[in-house]
Amino acid sequence: MMLGKLNRVISSISRAVGGVGAFIIVIMMLLTVVDVILRYFLNRPLASSFELTEYLMVITVSLTVPYCAMMKGHVRVEALVSLFPRRVQATIRSIVILVGLGLFSLITWCSAVQSGLIQSSGAHSSVLHLPVFPFIWVLFVGSALTSLIFLRDLCESVAQVVKGSSRDWIWVLIGSMVVLLLSATMFLGQELSWHFSPSIFGLIGVGVLILLLFSGLEIGLVMALVGFLGMAYLSTSGSALGLLMTVPYSTMASYSLSVVPLFILMGAFAFRSGISKELYLTAHKWLGHMRGGLAMATVAACAGFAAVSGSSIATAATFGTVALPEMKRYKYDDKLATGCIAAGGTIGILIPPSVILVMYGILTGQSIGKLFAAGFIPGVLEAVFYMITIYILCKRDPLLGPSAGRTTLTDKFISLKGAWAMLVIFGVVMGGIYMGIFSPTEAAGVGAFCTFILGVSRRKLSWGSFTDAIMETGKTTAMIFLFLIGGMILGYFLAVTRLPFTIANFVAGLTVNRYIILGAIILIYFFLGSIMSSMAMIILTVPIFFPVVMSLGFDPIWFGILIVRVCEVGVITPPVGMNVYIIHGIAKDIPMSTIFRGIVPFLIADVCHIAMLIAIPQLSLFLPSLMK
C-alpha cells in the first residue's frame with residue numbers, strides 16, 4: 001500500500017515537472033523565431049537570446065530526464081538479460097538499478113555542492129547578469145527526482161526477487177555489496193598507480209563498457225559509469241567527482257545543442273499535422289497503378305516525410321499506421337508491406353534535417369549545414385534503391401504487390417496539393433541554411449514554428465495533440481542528453497588514456513590499404529547496429545573512430561554520411577531492429593519473423609547503396625562543395 005502511494009506521488013510529480021520542461025522547448029522555439037525576425041528584418045537581434053536559450057536548456061533537460069525515466073524512455077540493451085528466467089532477470093535488474101541509483105545520487109550530491117560553490121563565488125551571466133546557481137539547483141531537483149524513481153524501481157524489482165528463492169535474494173545482496181565496495185573506493189582521495197600504460201587501461205575500460213552494455217543498465221549511464229570509475233582509478237576520486245560536478249550542467253547549458261529538441265519538436269508537429277497522410281496519398285495517385293506501386297509510394301512518402309521529421313522511428317510509426325492498412329486492402333504480401341515500411345523509415349535519419357547528423361557534427365566539429373547538404377543526394381538515392389528493389393521483387397512475383405488501379409492525370413495533379421506543405425517547410429529550413437539567412441539551430445526553431453502554424457491552420461493540432469507532441473519531444477530530448485552526458489564523461493576518460501590517438505597512430509602506421517581498415521570499421525558498426533540504437537552508436541564510437549579516419553586521410557563530411565547510412569542499417573537488423581519492433585507493435589497480427597524476412601531484400605539494397613557511396617564520394621560531397 002505504501003509503495004503504491006509513493007509510486008503515484010512520484011509519477012505525478014515527474015509528469016508535472018516533465019510537462020514544464022517540455023513546454024520550455026516551445027518557449028525556445030518562439031525565442032528563436034523572434035530573434036531571427038528582429039535580426040533579419042529590423043537588424044536588431046536579441047543580444048540575450050544565446051544566454052536565455054542556454055538557461056532554458058538546463059531547465060528543459062533537468063526536468064524531462066525524470067519524466068523519461070518514469071516512462072522507461074531511456075535506452076537499454078536487454079537482449080542478453082531477456083534470455084534468463086524471470087527471477088534471474090529481476091535479480092540482475094535489481095543490481096543494475098542500484099548502480100543507476102548510486103550514480104544519480106552522486107550527481108545530485110555534486111550538483112548541490114557545485115551550486116553552493118557558485119553561489120559563494122557570486123558568478124552571474126555576462127549579458128543579463130543573472131545568478132548561475134539557481135539553474136544548478138534545477139539540475140539538483142531533476143537528478144534528485146530521478147534518483148527517487150530509481151529507488152522506486154529498485155523496491156519493485158527487489159519485491160519480485162523476494163517472491164523467488166532465497167538464492168536469488170543472496171545474489172542481490174552480493175551484487176549490492178560489490179557495487180558499494182567499488183563506490184567506496186571513489187572516496188579514498190588518493191592516486192591509485194598502475195603498472196601498465198594509460199592506453200592499456202583505456203582498452204580495459206572499453207572492455208568493461210562492452211560488458212556493461214549487455215547488463216540492461218541505461219546506455220548513457222553505462223558510459224558515465226565507465227568514465228567516472230576510469231577517471232577515479234586512473235587519477236583521483238576528486239577528478240572523477242569534478243566531472244560529475246561540471247559535465248552535466250555544461251552539456252545541458254549549450255546553445256548549439258538546442259538544435260536537438262527543436263528539430264525533434266519540428267518532427268513531432270509534422271507527425272500530428274497530417275503531412276504524412278497527404279504525402280502518401282500523393283504518392284499513391286502517381287505510383288499506385290504499378291505492380292508494387294503502393295510499396296513504392298510508401299518509400300517515396302517516407303523520403304518526403306524525412307525532410308520534415310528527421311526521425312527513423314517516427315517515420316516508420318507514421319507510415320505503419322497510414323500505409324499498412326491500404327496495402328492490406330489491396331492484398332499485398334505481409335513481408336513486402338512491412339519490410340518496405342521498416343526500411344523506408346530509415347531514410348528519416350539521412351535526408352536533412354537529421355538529429356543524428358547534428359550529433360555527428362557537434363562531436364566532430366564539422367559544419368552541420370554541410371552535413372545536411374551532403375545527406376540529401378544519398379538519401380534520395382536510398383529511396384531509389386528501395387523502389388528498384390520493390391520493382392524487381394514484384395516483377396518476379398506479381399502477387400507480392402498487386403496494382404491498386406489507375407488514376408486520371410487530373411487526379412494526379414490535384415493530389416500534388418498535399419505535398420506543398422512539406423516542400424515549403426523543407427525549402428525554408430534548408431534554403432535558410434544554404435543561403436546563410438540563419439544557422440542550423442535557428443533553422444530548427446523556424447522549421448518547428450512553421451510546422452506548428454501549419455498544424456494549427458489545418459485544425460489538426462488540438463490541445464491534446466499539441467501536449468502529446470511536446471511531451472514526446474521532452475522525453476526524446478532527455479534520452480538523447482543522457483547519452484550525451486554519459487558520452488562526454490566517457491570522452492574525458494578516453495582523452496586521459498589517449499586511447500583514440502594511440503589507435504589512430506597505430507592504424508596510420510599499418511601497411512594495409514586504408515579501405516580495408518574502413519571496411520573493418522563498417523563491420524563493427526553493422527554489429528553494433530544489431531544491438532543498440534543509432535544515437536548510442538554515434539555518441540559511443542565517433543570519439544574513437546574519428547581520429548582513426550582522419551589519420552587515414554578520408555573526408556570527415558563523407559565519413560559522417562557513410563556512418564549515418566550504416567547506422568540506418570542497424571535500425572532494421574536483428575536482434576534489436578527498432579523499426580521492426582515499431583511495425584510489429586502496429587501490426588500485432590504479423591509475426592516478427594515475417595517482418596524480418598521482409599527486410600532481407602532491402603538489406604541487400606543497403607549494402608549496394610553503401611558500396612556506391614564508398615566508390616563515388618562525390619555523391620556526398622557535391623552539394624557541400626557548392627556552399628561557402
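Some observations on this one:
- Coupling constants for segment 43-52 follow from the phi torsions by the Karplus curve (6.51 cos²θ - 1.76 cosθ + 1.60, θ = phi - 60°), and in residue order they are 6, 9, x, 6, 5, 9, 5, 4, 5, 4 Hz; glycine and proline get x.
- Extent along principal axes [Cα atoms of segment 1-50; Å; largest to smallest]: 61, 14, 7
- Centre separation in Å (Cα based) which lies between segment 520-546 and segment 600-615: 18 Å
- Sorted ascending by nearby beta carbons within 10 Å, beginning with the fewest, Thr497, Thr338, Thr321 become Thr321, Thr497, Thr338.
- Potential extension, Met435-Asn505 segment - 0.36 nm per residue separation minus Cα distance: 21.3 nm
- Cα long-axis angle, helix 440-457 against the chain (0 to 90 degrees, to the nearest 10): 60 degrees
- Within segment 476-628, the ratio Rg/Rh, alpha carbon atoms throughout and Rh by Kirkwood, equals 1.01.
- Note that the chain shows a convex hull volume over its alpha carbon atoms of 171 Å³ per residue.
- Calculated on the Cα set of segment 417-558, radius of gyration then Dmax: 20.7, 63 Å.
- The modelled label-to-label distance between Phe527 and Ser462, using points 7 Å beyond Cα along the C-beta direction, is 5.0 nm.
- Measuring r between the beta carbons of His124 and Thr246 and using R0 = 25 Å, the FRET efficiency lands at 0.90.
- The order of Lys72, Lys588, going from fewest to most other C-beta atoms within 10 Å of their C-beta, is Lys588, Lys72.
- Residue order, fewest to most beta carbons within 10 Å, for Phe426, Phe452: Phe426, Phe452
- Partners of Lys5 within straight-line reach, counting lysines whose Cα lies under 26 Å from its Cα and excluding those fewer than 8 residues away in the same chain: Lys72, Lys163, Lys475.
- Extended-chain gain in nm, criterion 0.36 nm per residue less alpha-carbon gap, Val20 and Ala615: 209.3 nm
Every number in this text was worked out from the coordinates using simple rules, so none of it is lab data. The structure displayed is predicted, hence computed values, not measured ones. Backbone-built Cβ (ideal geometry, glycine too); neighbour counts: all protein chains shown.
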